[in-house]
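Working notes for the structure below.
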Amino acid sequence: MLNSLQTPFALIGRVLIALLFIPAGFGKIAGFAGAAGYIASKGVPFPEICAAIAIAVELGLGLLLLVGFQTRWAALGIALFTLVITFIFHNYWGVPADQVMMQQQAFFKNIAVVGGLLTIAAWGAGRWSVDGQTKG
């Protein structure tokens, strides 16, 4: 039973994870100054460059993940990006007490997303993907 669901589950999983990143990338384009300002507020140097990198990862690699093209590399790139930004933007150990629970929840949600992305990097996109179609 589960083997027959492997192909649709791989597609659904890719789509759901991509939907976390693609709208965020578009949002950063639409509100570039605000995104750069938020990045700067966390003490990150070169916030405009970092915002552009975030757009490239979220939108560019997110779209690759969505269609399943170069999926393992796209998933690995997004995983690395997510891991790095999680420690910067959700440092629950360094926020006021009233923010700890929210930031801790966001931190571990992101860590779980990294886990999902690493699973995609390990197993690939599945048959219903550009990668799956080009393998024959």
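Laboratory data are not the source of any read-out in this text; all were calculated from the coordinates shown. The shown structure was predicted, so the numbers you read here are calculated from the model rather than taken from an experiment. Cβ: placed from backbone, ideal geometry, glycine included. Neighbour counts: every protein chain shown.
Go through (1) over 21 Å from Gln133 (Cα atoms); (2) in contact (Cβ under 8 Å) with a residue 24 or more places away in the chain; (3) assigned to a helix (DSSP H, G or I) and name the single condition Val84 misses.
Status for Val84: all satisfied but (2).
Got at least one residue in segment 100-109 being small (Gly, Ala, Ser) and either surrounded by 15 or more Cβ atoms within 10 Å (Cβ to Cβ) or touching a residue at least 12 places away in the same chain (Cβ under 8 Å) (or both)?
Checked against the condition, which is being small (Gly, Ala, Ser) and either surrounded by 15 or more Cβ atoms within 10 Å (Cβ to Cβ) or touching a residue at least 12 places away in the same chain (Cβ under 8 Å) (or both), segment 100-109 yields at least one hit.
Could you go through segment 29-41 and let me know if any residue there is surrounded by 16 or more Cβ atoms within 10 Å (Cβ to Cβ), assigned to a helix (DSSP H, G or I) and touching a residue at least 60 places away in the same chain (Cβ under 8 Å).
no
So which residues in segment 45-81 are surrounded by fewer than 13 Cβ atoms within 10 Å (Cβ to Cβ) and either in contact (Cβ under 8 Å) with a residue 40 or more places away in the chain or outside any helix (DSSP H, G or I) (or both)?
Correct list: Pro45, Phe46.
Could you tell me which of the residues Asp98, Asp131 is out of contact with any Cys (no Cβ under 8 Å at 6 or more places or on another chain), in a helix (DSSP H, G or I), acidic (Asp, Glu) and under 25 Å from Tyr38 (Cα atoms)?
On inspection, the qualifying residue turns out to be Asp98.
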